[in-house]
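Structure, as structure tokens:
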Amino acid sequence: MLIGELAERAGTSTRTLRYYEAHGLVRPRRSANGYRVYDEAELRVVREIRALLDVGFGLDDVRPFVACLRAGNASGDVCPDSVLVLRRKLAEVDDYLDRLTAVRQQLRTQLTHAIAHREETCPRKRQSAP
């Protein structure tokens with residue numbers, strides 16, 4: 001298939017596919033007239049890349065998954081290097097959730113304190129008559 005068809009089937013743009021190619025993630029072969037030609041395996045690779053990028057992985061993180069697919073595996077996440085990336089990403093997300101939980105607790109504490117100590121003399125926005 002040509003680049004336009006791959007882009008359409010993968011739900012992306014030809015520009016994005018050329019970007020992936022420039023980063024060594026997608027491998028077209030060239031026809032006699034110089035057109036990029038892709039097989040079904042490249043469609044799987046592009047779909048894997050897009051799925052990983054959509055959940056926050058970077059291009060460097062994607063490389064082991066692509067290599068795993070290219071090695072003939074049914075999924076890009078079954079190889080040891082992919083598992084390492086998944087573990088690292090999960091640890092990052094867990095850390096982020098821990099920080100968000102701490103911020104949430106701080107906000108709850110501050111709100112509870114503010115409500116308990118609010119004063120009736122605080123200025124209120126007055127409603128103006130129509």
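Values as computed for the structure displayed
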{"quantity": "Test: residue in segment 102-115 that is surrounded by fewer than 14 Cβ atoms within 10 Å (Cβ to Cβ), of a type in the set (Val, Ile, Thr) and modelled with pLDDT of 95 or more", "calculated": "yes"}
{"quantity": "Hey, Val45 at pLDDT below 95 and either loosely packed, with under 11 Cβ neighbours inside 10 Å or closer than 23 Å to Pro28 by Cβ (or both) or not", "calculated": "no"}
{"quantity": "Test: residue in segment 15-23 that is within 19 Å of Gly72 (Cβ to Cβ) and touching a residue at least 24 places away in the same chain (Cβ under 8 Å)", "calculated": "no"}
{"quantity": "Residue under evaluation Glu21, criteria (1) buried (at least 19 other Cβ atoms within 10 Å of the Cβ); (2) over 20 Å from Val93 (Cα atoms), criterion not met", "calculated": "(1)"}
{"quantity": "Qualifying residue in segment 76-95 (condition: modelled with pLDDT under 95, loosely packed, with under 10 Cβ neighbours inside 10 Å and either acidic (Asp, Glu) or out of contact with any Cys (no Cβ under 8 Å at 6 or more places or on another chain) (or both))", "calculated": "no"}
{"quantity": "Only listed residue being free of Cβ contacts under 8 Å to residues at least 12 places away in the same chain and either outside any helix (DSSP H, G or I) or hydroxyl-bearing (Ser, Thr, Tyr) (or both), chosen from Glu92, Glu119", "calculated": "Glu119"}
{"quantity": "Segment 29-54, subset closer than 15 Å to Thr16 by Cα and of a type in the set (Asp, Glu), residue farthest from the chain's Cα centre (by Cα)", "calculated": "Glu42"}
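Condition check ((1) in contact with a Lys or Arg (Cβ under 7 Å, 6 or more places away or on another chain); (2) within 17 Å of Ala71 (Cβ to Cβ); (3) assigned to a loop (DSSP other than H, G, I, E, B)) across all residues:
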site	(1), (2), (3)
Ala7	no, no, no
Thr12	yes, no, yes
Leu17	no, no, no
Glu21	no, no, no
Gly24	no, yes, yes
Asn33	no, no, yes
Ala41	no, yes, no
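The values are calculated or read from the model by the stated rules, or taken from the named source; none is laboratory data. Keep in mind it's a predicted model, so treat the numbers as computed, not measured. Ideal geometry is used to build each Cβ from the backbone, glycine not excepted, and the neighbour counts take in all protein chains shown.
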